[in-house]
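The values are calculated or read from the model by the stated rules, or taken from the named source; none is laboratory data. The structure displayed is predicted, hence computed values, not measured ones. Please note: Cβ atoms are built from the backbone with ideal geometry, for glycine as well, and neighbour counts cover all protein chains shown.
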Amino acid sequence: MLALGLALASCAQPTTVAGCGDLGDAAEREDCRWRLVEPLAGDDAALADALAEVTPAESRDLLLLRLSIAHPTRAGAFCRQVTTPGAQEKCKQVLGRPHLGTAPRNPRPPGSH
């Protein structure tokens, strides 16, 4: 019974961004952080608190870069927060694609064929 409980506990997903840092696999750590941080994209205070729990800076910048891609209308705000040269370069690429932040445009009004 104890072995089953330990096995189930080891499979449990962290519920805090800081807890994601305890995962052994790098991809699992980053996916865990993304799962917890992405829903906070519209709450600046909660997002700032969550990002403050993320180390190293490369991991925090990866989250900000992913947020800028997932929420292109806020890409500028997210990209201004990155600190590592690699993320800054990637953000330039994201910001250089302003069409990502616009609503789809219909070249012709409906009904005009």
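Looking only at residues of the range 48-61 that are in contact with a helix residue (DSSP H, G or I) (Cβ under 6 Å, 6 or more places away or on another chain) and in a helix (DSSP H, G or I), we find that the one that is nearest to Gln13 (Cα to Cα) is Ala50.
Among the residues of the range 26-47, those identified as exposed (fewer than 13 other Cβ atoms within 10 Å of the Cβ) and either modelled with pLDDT under 95 or not in a loop (DSSP other than H, G, I, E, B) (or both) are Ala26, Ala27, Pro39, Gly42, Asp44, Ala45. Kindly provide the set of residues from the range 99-113 that are at pLDDT 50 or above, under 22 Å from Gly42 (Cα atoms) and loosely packed, with under 11 Cβ neighbours inside 10 Å, ordered by number. Listed by number, the list holds a single entry, His99.
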